[in-house]
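Okay, so here's the structure we're looking at.
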Amino acid sequence: MLRSLLIIPLLLIGFHSFAQTVENIRVEPEGDKIKVHYRIGGSTESQLYKVTLSCSLDGGARFEPKAVIGDVGMNIRGGRSYYTIVWDVFEDVDQVGSAEFFVKVEMEEDMTAPVTPIEVRPKKMHEESVKKELEETDKGVEVEKSREPAPFDHRYHLAYRASSFNLLGLTAGTLGKWGFYGSLRIGNFDDDMQLLSGSFTAGATKHIFSAGIYRLHGYLGAGIGDYFNKLDVEAGITNVLFDRLTVTLGMEYPGYYLDFVFGIGVVL
């Protein structure tokens, strides 16, 4: 079942009529990042602003994301058509359920007005709230204002994973920002030694990067191999296609030779 981001701009009221307004809020998920576009209504190039982005996840306490770049912070000059803040989500949090964003604009300086030591000028501020809600749908990603799949929404991994010497294999685990897995492979029974060839390994997975329909993860693990009697070390990559299918390529070293590892699977 797919999830998607429903982005609903909500205008906060309750400010004085002379307050500087934040207009045309638009949120755009892009890979592991979220872009927040906004406009400062009625601003001019002679005005400088302080812009603050804050966020509340799953109805929790509001916080200011750290991994943000773009038009945020001090000395943001007015008069432009649009401004953009880019948040690298998984540098600050491991996952996103529902989120509410707040953009706050405060005027720092207005060069069009004379400044005197006794002048008292109210700060111009306004907040615009943008709610992003995840909705489940059996039909895939539906467009309603702005809607995209959440990163790592499908992370539980089940796959056929074999090697050139052990052709029967099963792997299960997770493919998130960080994850884990266990893998069992079985080969032939040696009549002379009365031993079954195969390996059992377990280890960690790590997201490397995402681009379009591709999501690349690396894995590293260790266990027992050869005839389940020698130290086995393995490493490789798993590519997630269309957020569903997986293709794995790797190598394992069960003591004294290299074995090629391959597999296909799904994420749920």
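The values are calculated or read from the model by the stated rules, or taken from the named source; none is laboratory data. These numbers were taken from a predicted model, which means no experiment stands behind them. A quick note on method: Cβ atoms are made from the backbone with ideal geometry, for glycine too, and the neighbour counts reach across all protein chains shown.
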Per the list (1) at pLDDT 95 or above; (2) closer than 16 Å to H217 by Cβ, residue check on R185 breaks on (2)
Considering residues that are buried (at least 20 other Cβ atoms within 10 Å of the Cβ) and over 25 Å from the mean Cα position of the chain (by Cα), the number found within the stretch 226-249 is 3
If we keep just the residues of the stretch 82-97 that are in contact (Cβ under 8 Å) with a residue 40 or more places away in the chain and not in a strand (DSSP E or B), which is surrounded by the fewest Cβ atoms within 10 Å (Cβ to Cβ)? D94
Give me a count of the residues in the stretch 253-262 that are touching a Leu at 6+ places or on another chain (Cβ under 8 Å) and either modelled with pLDDT under 95 or closer than 16 Å to Y156 by Cβ (or both). 2
Verdict on V240 being touching a residue at least 40 places away in the same chain (Cβ under 8 Å) and either among the aliphatic types (A, V, I, L, M) or not in a strand (DSSP E or B) (or both): yes
The number of residues in the stretch 181-196 that are crowded, with 20+ Cβ neighbours inside 10 Å and either within 15 Å of N166 (Cβ to Cβ) or among the charged types (D, E, K, R) (or both) is 3
Among the residues of the stretch 47-55, is there at least one that is farther than 26 Å from G179 by Cβ, surrounded by 15 or more Cβ atoms within 10 Å (Cβ to Cβ), modelled with pLDDT of 90 or more and of a type in the set (D, E, K, R)? yes
Filtering the stretch 201-225 down to residues that are surrounded by fewer than 18 Cβ atoms within 10 Å (Cβ to Cβ) and among the β-branched types (V, I, T) yields I208, I213, I224
